[in-house]
Amino acid sequence: MVYLTRKCEFSASHYYHNPEFSAEENQRIFGKCANLNGHGHNYTLEVTVKGAIDPKTGFVVDLKELKEILNREVIDALDHRHLNKEVPEFSQQIPTTENLAIAIWNRLQGKLHVAKLHRVRVYELPDLFVDFYGEA
Amino acid sequence: MKVHLTRRYLFSASHRLHCDGLSEPENQATYGKCNNPHGHGHNYALEVTVSGQVDPATGMICNLSDLDRSVQSEVLERFDHENLNYRSEFDGLVPTTENLSEVIFNILKQSFTAAHLEKVRLEETMMNSFEYAGGAELRV
């Protein structure tokens, strides 16, 4: 079993707001992330897949194909978008890095034909990242 | 949905690797220049990984500001700009980064309870790093 990680970047804006919380609660829990005008990040996404090496090609996965899937399923949908307003997963859900990692996993799951999705890692900042392994 | 969150912090400290149970030549042979008598320092990078279920109301496994506050008060204020050899945590314990990783994990295990502490990862320099998960195997 070999693990392969592909890295890519996207930039997006978001804000954190729960309509069931009072303005004071939103401010207390989410701090400056609660500013309804939003703010943005340069996100770095690392997608790790695992699988056996194909003896004919020497590949776990065709990187070109993986790149195309990442671009189509994730980057095209998220890059230079407002997560709250333009990405359907976040119409009802707060676009935290935790939820973003889960959403990206769900977008990729089932799209890989050869290798198995192992981990989605999303860096919101160089000093903050979230890992999701598809666990309940 | 169980999610892992990692936050990175920086602190600087000095230490000298020296074991009282070894002779001077043995200390020198074991620790090399890390045994020089007046110690030396590093800029340590600490990564703290916690895990938990995402709270649907907040989208978070824990509030990052609570984690930052715990690490600040329990770890960074304790060790930043300190000489590790003179700290009580290293009474009878050589302040290698292996031991420092265990010490920090155990401190955070006691003080931060808002999410499950998975592991700490400590970079001593850009060229070496240490991870401790409370005795558990590390996850790829």
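Observations on the structure shown:
- With 0.36 nm allotted per residue and the present C-alpha distance subtracted, the A:Ala136-A:Cys8 stretch has 43.5 nm of extension available.
- Around the amide H of B:Tyr44, modelled in the peptide plane, lie the amide H atoms of B:Phe11, B:Ser12, B:Ala13, all under 5 Å away and 5 or more residues distant in sequence or on another chain.
- Listed by chain and number, the aspartates and glutamates whose C-alpha is less than 16 Å from the C-alpha of A:Lys67, apart from same-chain residues fewer than 8 away, are A:Glu9, A:Glu46, A:Asp76, A:Asp79.
- Relative to one another, the C-alpha centroids of the stretch B:104-125 and the stretch A:68-136 are positioned 26 Å apart.
- Cα→Cβ-extended label distance, 7 Å offset, between B:Asp80 and B:Thr113, nm: 2.6
- GNM top mover of B:Gly52, B:Gly39, B:Gly92 - chain B, alpha-carbon springs below 10 Å: B:Gly92
- Think of it as helices only: each DSSP H run of n ≥ 4 in the protein assembly as shown is worth -39500 (n - 2.57), and spread over all residues that comes to -6500 deg cm²/dmol at 222 nm.
- For B:Met60, the residues whose amide H sits under 5 Å from its own are B:Asp55, ignoring neighbours fewer than 5 places away on the same chain, with H placed 1.01 Å from N.
- Between the beta carbons of A:Glu86 and A:Glu65, assuming R0 = 30 Å, the FRET efficiency works out to 0.70 to the nearest 0.05.
- Average other protein chain Cβ within 10 Å of Cβ, residues B:4-16: 3
- Only the Cβ atoms of Lys and Arg (+1) and of Asp and Glu (-1) were treated as charged; on that basis the dipole of the stretch A:2-132 about its Cα centre amounts to roughly 440 debye.
- Note on B:Lys109: lysines with a C-alpha under 18 Å away, same-chain residues under 8 apart excluded, are B:Lys119.
- A straight Cα-to-Cα reach below 28 Å connects A:Lys64 with the lysines A:Lys7, A:Lys50, A:Lys56, A:Lys111, A:Lys116, residues fewer than 8 places away in its own chain not being considered.
- Over the stretch B:2-132 - Rg/Rh using Cα atoms and the Kirkwood inverse-distance radius: 1.05
- Summing Lys and Arg as +1 and Asp and Glu as -1 over all other residues whose Cβ lies under 13 Å from the Cβ of B:Asn85 gives a net charge of -2.
- Using the Cβ-Cβ distance between A:Ala23 and B:Ser12 with R0 set to 45 Å, the FRET efficiency works out to roughly 0.65.
- Under a model in which nothing but the beta-carbon of Lys, Arg (+1) and Asp, Glu (-1) is charged, the stretch B:2-132 shows a dipole of about 300 debye around its Cα centre.
- Counting, for every residue in A:97-106, the Cβ atoms of other protein chains within 10 Å of its Cβ and taking the mean gives 4.
- Computed from the C-beta positions of B:Glu26 and B:Met127, the FRET efficiency with R₀ = 22 Å rounds to 0.30.
Values in this text are rule-based calculations from the coordinates and carry no lab data. Predicted model, so just to flag it, every value in this text is computed and none were measured. FYI the Cβ positions are ideal-geometry reconstructions off the backbone, even for glycines, and counts take in every protein chain you see.
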